[in-house]
1. Pick from A:100, A:125: which is part of a helix (DSSP H, G or I), in contact (Cβ under 8 Å) with a residue 40 or more places away in the chain, under 18 Å from residue C:141 (Cα atoms) and within 11 Å of chain C (Cβ to nearest Cβ)?
2. What residue, of C:105, C:61, is modelled with pLDDT of 95 or more and open to solvent by 30 Å² or more (accessible area, probe 1.4 Å)?
3. In segment C:109-149, how many residues are within 11 Å of another protein chain (Cβ to nearest Cβ) and open to solvent by 20 Å² or more (accessible area, probe 1.4 Å)?
4. Select from segment C:161-178 the residues that are farther than 21 Å from residue A:100 by Cβ and either open to solvent by less than 10 Å² (accessible area, probe 1.4 Å) or under 17 Å from the mean Cα position of the chain (by Cα) (or both) and write down the one among them that is farthest from the other protein chains (Cβ to nearest Cβ).
5. Starting from segment C:188-207, keep only residues that are farther than 18 Å from residue B:262 by Cβ and part of a loop (DSSP other than H, G, I, E, B), then list their pairs with residues that are modelled with pLDDT of 95 or more and open to solvent by less than 10 Å² (accessible area, probe 1.4 Å) whose Cβ atoms are within a distance under 7 Å, requiring at least 6 positions of separation or different chains.
6. Going by the structure shown, is residue C:86 of a type outside the set (A, V, I, L, M, F, W, C) and open to solvent by 10 Å² or more (accessible area, probe 1.4 Å)?
7. Residue pairs, Cβ under 6 Å, 6 or more apart or interchain, first in segment B:103-114 and within 10 Å of residue C:246 (Cα to Cα) and facing chain C (nearest Cβ under 8 Å), second open to solvent by 30 Å² or more (accessible area, probe 1.4 Å) and of a type in the set (A, V, I, L, M). List them.
8. Would it be correct to say that residue A:109 is surrounded by 15 or more Cβ atoms within 10 Å (Cβ to Cβ), modelled with pLDDT under 95 and either of a type in the set (Ser, Thr, Tyr) or outside any helix (DSSP H, G or I) (or both)?
Amino acid sequence: MPSLVLERVSKRFGGITAVSDVSFEVPEAGITGLIGPNGAGKTTVVNLITGMYKLTSGEIRLGGRNVGSAQPHEVARLGISRTFQNIRLLPEASVLDNVIIGFHRHEKASIAAGMFGFNASLSEIREFRERARALLDRFHMARFAEHPAGYLAYGHQRRVEMMRAVAMNPAILLLDEPVAGMNDVEAGELGDVFQELASSGMGLLLIEHNIRFVTKLCQNVHVLDTGRTIAAGPPSVVMHDPVVVTAYLGTA
Amino acid sequence: MIVQQLLNGLISGSVYALFALGFTLISGTHRILNLAHAGVFMTGAFIGYYCVVLGLPLWLAIVLAMIGSGLLSYFIDIVAFQQLRAQKQIEFAALISSIGANLILINIAQRLSDTQVLSFPFGTFPTIFFHFAGVRVSALQLMIVALVAVLFGLLLFYLYKTSFGRQVRAVAGNERAAMLLGVNPKSVYFQTFFISGALAGIAGVLIGLLFSSVYFLMGEPYLLRGFVIVILGGLGSIPGAVVAGLLLGVMQTLATAYLPPGLTDAMIYSLLFVGLLIRPSGLFGGQAIAVAAGRR
Amino acid sequence: MGIFEVYHPLFNFFLLNVGYAFSQQIVLRAGVFSVATGGFAALGAYCTAILVVDYQVGEFLALAASLALGMLTGLILSWPLARLRGVYQAIATLAFVQIVTALLLYAEDITGGAIGINHIPRLATTWQLLIAVAIVTYIIFSIGRSGIGRAFDAIRQDETVAGMLGVSIRRYHILAFVISGAIGGLFGGFHALLVYSIEPALFGFEFLAMVLTFIVLGGKGSVWGPIIGTAIIVSLPEIARPLAENRQMAQGILMMVMIAYLPNGVYDSLVSLIRQRRAAKWDRANQEKSHAVAGA
């Protein structure tokens, strides 16, 4: 699977610089951390990668291919997926359908096949349905298959979002504060899932507040403050960097 | 001749602007398209007509039409829109609900008038014509233009110089933030809907007088023109509505005079269509996001 | 006369409107706020009528031409309109309907202007209509089951998420417009071959409100929604005489009540209610199970 490279990426809104000269790499088969205090520009970075914002300057490449000006759906089709800080599911659709829609970028049946119910479309629907059910089993969510996703409890919604991301099977998965509001047991379970995904070859970018969680999972961590990278390296080193400590705790 | 055409255009443009003022006030403040504005406008004409028929003087008929239409408009807000504010896709819901309210008003007016076109009794407004440098204009037409100017001025004064107006503009900017700052939403909704309705009411009476017809379907053509005006002028822009209304009136009169007959409407709606595509936020800048998401 | 003869015209009218309802539903399902169905229907109706009356073209060829015309118009319209969102899309499609109506009024030599086209042979049979509705129902059903339907549902519920999933919003909006145009054009053609005479006013504001009501009543998300919604509206005047006399009021009240209290329509709301009930039961059963485990 290809890796994701950001090179001197900047974003200005009017006169305000939200992200300035940020460079890092999300390699395949690993978990990279992106941390920083509130307002450091982490979510802006995610929005730049996924095609929501236009780059002011810099380059974003996926496996050597420039994706810095691609539209959101093109970025997704090329293999970059994300989860949202405030989970976003299709609230009216069932849990199963929320997972099946994750396969969208792998659909091969033509529009005509879908419209007229040709076999190509029908067998694809069956296949996706089976694979989605298998995912539901793996995440212990089989019993919720037909429930409307919008009515699930928070933790269950998070799992639906993860299943959807796994169904998309992206090269790069951006996780925007995935364990916010979870207890340690739940977070631990989710951490195992992330490690499983990474060992299957996926490159994960973990954006988190929970330092302990990041330290446990990530091989490399990048620290942002007011839009700039202030430190980078293995978590054990970065967390003891005085610059990082100051950024988090303020000048004491 | 061209001067007369321009003048006629400005007069019918004032009429359009009068209709559009209330329409754009609601769409700007509450971000909904209130299609029942057409029904309120028509109701205003009916109230005015019945008051005059009952023997009341015209000025009183106009005042009662304004009060009646204003209250009706607020009532529509309560029954048609209040319940929808909790929903996510209020745009669609409000459009449907206001179409429903409009249908009810039309139905009542149709039963009331027995599907007839009603006319104000002859002499309700003195038929005086002024001739000036080869141009002919009636006292009623002059009064309409003057009233539009006065109402426009009053509306601007209200919105920009009074504390009520500040609250309305705060809600238009960001409703939740306005409430956190202590703006009473109920009072804002009452004011905007009442004013919008009162403007529709006086427009109804004046237009009923001008064309000497009060009809249960009279709102529809003005509603369609209203769309053109709010899009050209920018959704929610008060000065935009007046300028776009006048522009529309002049263009329409000129088109009727110089284009093959029957093409005027096609031209106006093509203008609306093309206007939406090249500048969805209007000539004077609206506020809502009109265009699809993408890299921004 | 047997019961079927009495209700035969009503049944035809119902089938025709189910077609229109599907044309309206497919765009709303894809999150496109289009009211263009009336325009597609008008084009389809005039296309078939002109071909059959003036050029003695066979029925099926004429209907095929109407379908193709609707489809092509949908495609052309979608190109610029896929850029717009929300009420701006609604207003632009309304402008499209008005342009079509204005041009039909203008091109009197071909279309008969305001009088329209009369003496159209009544070639369409109930069977043909039934088969057309069955085919369209099947296609809508297939779409709903396939990835296209899921993409539509995703766009309608959350455009950002749909984009993140790799759904090209533009592509699916164009598709929805094309399908809506094809269905609208086809049933417009049937319309002409059912009612002897057509005029532009048939496809105006009242048409728009009625077709929207079918979907507001039935729901956007399934094949049953439009069928149920249409059945309710079409049979309403037959239920009681006051309802027939105040059809618009009944329709208006239905629209307001539905959008406020059952915004997803009768059928879709029922389905999701059943799902929620089942979900609640599951949860309760599981809680009891875990209590039992804890107790043991």
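The values are calculated or read from the model by the stated rules, or taken from the named source; none is laboratory data. These numbers were taken from a predicted model, which means no experiment stands behind them. Please note: Cβ atoms are built from the backbone with ideal geometry, for glycine as well, and neighbour counts cover all protein chains shown. Only protein heavy atoms, including side chains, enter the accessible area calculation; ligands, DNA and RNA are left aside. Shrake-Rupley method; radii C 1.70, N 1.55, O 1.52, S 1.80 Å.
1. Checking each option against the conditions leaves just A:100.
2. Result of the check over C:105, C:61: C:61.
3. Counting residues in segment C:109-149 that are within 11 Å of another protein chain (Cβ to nearest Cβ) and open to solvent by 20 Å² or more (accessible area, probe 1.4 Å) gives 7.
4. Only one residue fits best here, namely C:177.
5. C:193/C:48; C:194/C:16
6. Yes: the conditions hold for residue C:86.
7. B:104/C:249; B:107/C:249
8. Criteria met by residue A:109.
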